Amino acid sequence: MRFPVFARILGAVALASSLSGVASEPDGRIIGGFEAFPDDTRHQVSLRLKHLEDRQFGRGHICGGSLIGAKLVLTAAHCLMDSLGRPLGPQNYVIVGGGTERLTQTADTFTSPVRELLVHEAYDDELSRNDIALLKLSSAVPSDHPTLVVIALWEEAPVVGTRCQVSGWGTTIAGVQESTERLMAVNVTIVAMSSCNSTDSYDGELVPGMMCAGEPGGGKDSCQGDSGGPLVCEGRLAGVVSFGYECGLENFPGVYSDVAHYREWIRVNGASALAASVWSGLLASLLVAYYGAR
């Protein structure tokens, strides 16, 4: 049985319409959540459409992402697709981080154009498989940035029952077509794949590279507009918001791309950006040591 699953973005059609000049707010929400604590979400970034962002700060938000290197962001592949399932060019995007208020710029706000985007070569838009992508930034996040930091990745997927947190910008009431100004979060639990693939849930549609998180009775979940955002367990990045059957329904937890499953792909494809992060940090340390000794 094939269920109608929904990628947790506004959708390719709406994305394409906004690129043609018919702008609309992202349809996204964290279900059953609370206002995120800034210290818990310093890795969170906002993926935005540049042409909308140029008109008004915060207007271009379409997806979330996680900073995994000074010049490297991890997000969902479907966030980058047009109405024909093709990735848009990097010049269409900008990354914004360093704060929880979507419409507010501060001295700590970090903004960078996207220099290169890498979508998983086996990404399947129809089946939502291999829904993962990397964004290489034009500008590096300073190693001493006070409100935006790199997050570590899980080497193996967290065990069933692990408590995690997912965050994103979006409405808090189902059916309201407007994102919230403030970053929201919700606590969820890792669910066994056998349970997610049971006949009263996704009925065998989930494959390796996917993982589930939610609550037994529903009511707590990520949703459209939260796509690409982080699922964080015990301080490390475990998943990337991908899709689900509606939002917050009983027996249908949210589905995430399993970061541990794609760790080698991330390492290989993000090598140059990750290396730049290491050298940037080393240089900063050397400069501090040099001037501190004078």
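A few comments on the model shown:
- Each principal axis of the Cα atoms in the range 41-188 has its own extent, and those three values, largest first, are 38, 38, 37 angstrom.
- Over the range 28-85 - Rg/Rh using Cα atoms and the Kirkwood inverse-distance radius: 1.00
- Ala271 paired with Arg115, simple spin-label distance in nm, labels 7 Å along Cα-to-beta-carbon: 1.7
- Per-residue packing, averaged as other Cβ atoms within 10 Å, sorts the ranges 90-99, 141-150 into the order 90-99, 141-150, beginning with the highest.
- Site pair Ser143 and Glu35 shows an inter-label distance of 3.4 nm when each label is modelled 7 Å from Cα along Cα→Cβ.
- The packing ranking, built from the mean of other Cβ atoms within 10 Å per residue, places the peptides 68-80, 257-269 in the order 68-80, 257-269, highest first.
- Taken over the Cα atoms of the range 104-156, the convex hull encloses 148 Å³ per residue.
- Computed FRET value (nearest 0.05) for Phe57 with Ser83, which takes r as the C-beta separation and R₀ as 25 Å: 0.45
Every read-out reported here was derived from the displayed coordinates using simple, explicitly stated rules and does not represent laboratory data. Keep in mind that this is a model prediction, so the values were computed, not measured. We place every Cβ from the backbone using ideal geometry, glycine too, and count neighbours over all the protein chains shown.
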